[in-house]
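*Asks:* Structure below; questions to follow.
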Amino acid sequence: MRAPLLVILLWLLRGYAADPMYSSIFDGINLGFHEAGHAAFSWLGSRILTTAGGTIFQLVIPTLSGIYLFLKQRDPFGAAVCTFWLGTALVGAGVYAADARAQALPLVSPFGPIDVLSHDWTVMLMKYGMLSQDTRIGAFLRRSGLSAMVASIAASVWILWLMARTPRQAE
């Protein structure tokens, strides 16, 4: 089952590399965790942490999932898939960050009306005087995401190669 999944991930990587606006099932999952991050961080009472919480969750959840699979389940292939998932989250964060000034992306908010200050990256970059760097930051995040996806594919191929060469022990 791992080899067909690897082929699917390669297909998704092709889409993400070719089109910054490409979307896959990972993006819906990332959006869910992004919105959950806002809710989780809202309890801290800080506007900037509540705003950043969406992107934080979007990046931390696949990271923690990969660590869990690698350390607790002893599943390096699963951890590599989580690295691919992290890559999709980074690409999505990059697209969102690069949109901070233009605000052309349609926003989703279960927490009320959407206005200029509903764009997380606009709020965060304005807070730190970096709004003019939105496209540079977005490009960095996107490149980081694509790099994570490529690394996960390479690791997956290596893991499958090792598995094919290792004789199975009787269970």
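The values are calculated or read from the model by the stated rules, or taken from the named source; none is laboratory data. It should be emphasised that the depicted structure is a prediction, and the values quoted were computed from it without experimental measurement. Positions of Cβ are backbone-derived with ideal geometry, glycine not excepted, and every protein chain shown enters the neighbour counts.
*Asks:* I need every pair where a residue in segment 118-146 that is modelled with pLDDT of 95 or more has its Cβ under 6 Å from the Cβ of a residue that is in a helix (DSSP H, G or I) and of a type in the set (D, E, K, R), sequence separation at least 6 or different chains.
*Replies:* Partner pairs satisfying both residue conditions: 125/134.
*Asks:* Which residues, counting only those in segment 147-162, are in contact (Cβ under 8 Å) with a residue 24 or more places away in the chain and either surrounded by fewer than 17 Cβ atoms within 10 Å (Cβ to Cβ) or of a type outside the set (S, T, N, Q) (or both)?
*Replies:* 147, 148, 149, 150, 151, 153, 155, 157, 159, 160
*Asks:* Please enumerate the residues belonging to segment 1-13 that are within 23 Å of residue 142 (Cβ to Cβ) and surrounded by fewer than 17 Cβ atoms within 10 Å (Cβ to Cβ).
*Replies:* So in segment 1-13, the residues within 23 Å of residue 142 (Cβ to Cβ) come out as 6, 8-13.
8, 10, 11 - these are the residues of segment 1-13 that are within 23 Å of residue 142 (Cβ to Cβ) and surrounded by fewer than 17 Cβ atoms within 10 Å (Cβ to Cβ).
*Asks:* State which residue pairs qualify: first residue acidic (Asp, Glu) and exposed (fewer than 13 other Cβ atoms within 10 Å of the Cβ) and inside segment 91-107, second residue modelled with pLDDT of 95 or more and not in a loop (DSSP other than H, G, I, E, B) in any location, beta carbons under 9 Å apart, and separation of 6 or more residues or different chains.
*Replies:* none
*Asks:* Could we say that residue 159 is farther than 18 Å from residue 58 by Cα and in contact with a Pro (Cβ under 7 Å, 6 or more places away or on another chain) here?
*Replies:* On the way: farther than 18 Å from residue 58 by Cα: yes; in contact with a Pro (Cβ under 7 Å, 6 or more places away or on another chain): yes.
Answer is yes for this residue.
*Asks:* Inspect all residues belonging to segment 21-38 and state whether any of them is farther than 23 Å from residue 95 by Cα and of a type outside the set (A, V, I, L, M).
*Replies:* The answer is no; no qualifying residue exists.
*Asks:* Give the residue, chosen from 33, 77, 84, 41, that is outside any loop (DSSP other than H, G, I, E, B) and farther than 25 Å from residue 2 by Cβ.
*Replies:* Testing whether each residue is outside any loop (DSSP other than H, G, I, E, B) and farther than 25 Å from residue 2 by Cβ leaves just 41.
*Asks:* Out of the residues in segment 123-146 meeting the condition of being small (Gly, Ala, Ser) and exposed (fewer than 13 other Cβ atoms within 10 Å of the Cβ), tell me which one is farthest from residue 18 (Cα to Cα).
*Replies:* Ranking the candidates gives 129 first.
*Asks:* Now, a different point. Hey, could you check segment 14-29 for residues that are in contact (Cβ under 8 Å) with a residue 24 or more places away in the chain, in contact with a Phe, Trp or Tyr (Cβ under 8 Å, 6 or more places away or on another chain) and part of a helix (DSSP H, G or I) and say which is surrounded by the fewest Cβ atoms within 10 Å (Cβ to Cβ)?
*Replies:* Here the answer is 29.
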